[in-house]
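This report concerns only the one structure given below.
Just so it is clear, none of the values below were taken in a lab; they were calculated from the coordinates. Just so you know, these numbers come straight off a predicted model, no measurement behind them. Counting neighbours? That spans all protein chains shown, and the Cβs are built from the backbone with ideal geometry, glycine included.
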Amino acid sequence: MSEIVIPYRVEPHPLTGVTSGKLGIWLFLASEVMLFGALFSSYVLLRVGSGDSTWPTGVEAGLNVPIGTFNTLVLITSSITMVMSWASLKMGNLGGFKRYLGATIGLGLLFLVVKGFEYAGKFGHGIFPATGWPEASDPSTFYGIYFTLTGLHALHVFLGILVNAWLLIWGVAMWKSEPELFTGRIEISGLYWHFVDLVWIFLFPVLYLL
Amino acid sequence: MSEQVAVSESEAARVREHLKVYVMVFVALAVLTVVTVAISYIHLPTGTAIAVAMVVATVKASLVAGYFMHLLSEERVILWLLLLCAAFLIFLFILPLGTETGNGPLWPL
């Protein structure tokens with residue numbers, strides 16, 4: 001039985017100049033831009049359509065700006081540890097790679113724990129996705145879109161943690177047999193992780209500060 | 001037993017040169033995060049506040065995409081792909097302007 005070989009896993013395709021994996025992840029990220037873009041567009045529509053009396057700023061709605069700022073810094077830090085883990089592999093430093101990717105996973109988990117406490121606080125006050133903003137004269141969709149956007153983002157963080165954990169624990173075995181392919185996989189996983197950071201860079205001011 | 005695997009020395013040197021840039025981008029991102037929070041405490045008019053926050057967020061996003069995601073040195077095919085994506089995204093944001101909301105038409109605001 002002959003083995004099926006997927007072409008251009010390490011060598012760039014002569015037409016595109018990139019590997020199949022890299023083209024694939026960018027196509028996926030383009031679809032993710034449209035997914036989050038549609039929700040941001042919905043946010044604008046809901047906000048403009050609601051009027052000031054029914055649309056709170058993040059602070060008015062009871063969101064904690066210092067906690068949100070802390071989580072933003074956590075995610076930004078996880079982005080540099082992610083790029084450092086890739087750079088470590090490029091420099092042939094497996095130990096450095098493991099430490100940096102471990103830190104990235106840890107920071108991702110910290111982000112989710114903080115987000116979990118924020119959610120728990122809201123649930124404790126009887127605020128759920130369908131509740132709206134309790135102080136509004138009319139029901140507000142603020143918390144509907146808040147939970148949708150942050151929930152979808154948190155799901156992305158969770159999936160990123162799973163992929164990175166798999167690469168750190170099991171995938172790393174490939175380093176000895178196919179180091180270039182493995183380094184490429186870390187780059188691809190990193191592109192996804194940076195995208196998740198990038199989405200939060202817009203989510204944070206939109207939901208917490210404006 | 002050594003865990004070292006043969007790596008391309010020229011590529012390793014290139015990456016080593018970039019390490020400082022990554023740290024500088026990280027510092028810039030952290031500073032801009034503090035700046036955007038600080039501005040929110042000034043209580044600018046809503047329109048100005050939204051504009052300033054989006055400009056700062058776009059600068060931060062560009063730093064992440066340009067340096068951490070290596071878009072500045074990426075192949076053209078990826079840039080064209082993202083340009084196409086951006087065109088669709090702009091269309092997506094323009095689309096709701098034709099919508100009638102509870103407050104009347106969405107556009108003009």
For chain A, build the charge dipole from Cβ charges (+1 Lys, Arg; -1 Asp, Glu) around the Cα centre, then report which of A:153, A:111, A:169 sits farthest towards its positive end.
A:169
How about residue B:60: which lysines have a C-alpha closer than 19 Å to its C-alpha, ignoring those fewer than 8 places off in the same chain?
B:20
Using r as the Cβ-Cβ distance of residue B:95 and residue A:176, and R0 as 45 Å, what FRET efficiency do you calculate, to the nearest 0.05?
0.30
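If R₀ is 35 angstrom, what is the calculated FRET efficiency for the pair residue A:27 and residue A:65, using the beta carbon separation as r and rounding to 0.05? Walk me through the numbers before you get to the answer.
Numbers: r = 36 Å, r/R0 = 1.03.
Rounded to the nearest 0.05, the efficiency is 0.45.
Could you work out the helix-only [θ] at 222 nm for chain B, with each DSSP H run of four or more residues adding -39,500 (n - 2.57) and the total divided by the number of residues, to the nearest 500 deg cm²/dmol? Walk me through the intermediate numbers first.
Values: 3 runs with 69 residues, N = 109.
Helix-only estimate at 222 nm: -22000 deg cm²/dmol.
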Run the helix sum for chain A: -39,500 (n - 2.57) per DSSP H stretch of 4+ residues, divided by residue count, reported at 222 nm to the nearest 500 deg cm²/dmol.
-24500 deg cm²/dmol
Taking the beta-carbon count within 10 Å as an exposure proxy, list A:186, A:145, B:90 from fewest neighbours to most.
B:90, A:145, A:186
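Excluding residue B:78 itself, calculate the net charge of residues whose Cβ lies under 14 Å from the Cβ of residue B:78, where each Lys or Arg counts +1 and each Asp or Glu counts -1. Numbers along the way, then the final one.
On the way: positive: A:22, B:76; negative: A:187, B:74, B:75.
Local charge sum for residue B:78: -1.
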Inter-site label distance for residue B:24 and residue B:11 at 7 Å from Cα along Cβ, in nm:
2.5
At most 12 other Cβ atoms within 10 Å and a DSSP loop assignment: could you name the GluC sites (Glu not before Pro) in the range A:101-210 that fit?
A:135
Provide Rg and Dmax in Å for the range A:56-113, with only Cα atoms included in the calculation.
15.2, 51
If I build a Gaussian network model for chain A, linking alpha-carbon pairs within less than 10 angstrom, which residue out of A:55, A:193, A:175 has the largest mean-square fluctuation?
A:175
If you look at just the Cα atoms of chain B, how large are its Rg and its Dmax in Å?
20.8, 72
For chain A, taking Cα atoms only, what is the radius of gyration to one decimal and the Dmax to the nearest whole Å?
20.2, 70
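Among the GluC sites (Glu not before Pro) within the range A:1-65, which fall in a DSSP loop and have no more than 14 other Cβ atoms within 10 Å of their own Cβ?
A:3, A:60
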Over what distance in Å are the Cα centres of the range A:48-97 and the range A:101-130 separated?
12
Lysine pairs in chain A with alpha-carbon atoms under 18 Å apart, 8 or more places apart or on different chains: how many are there?
4
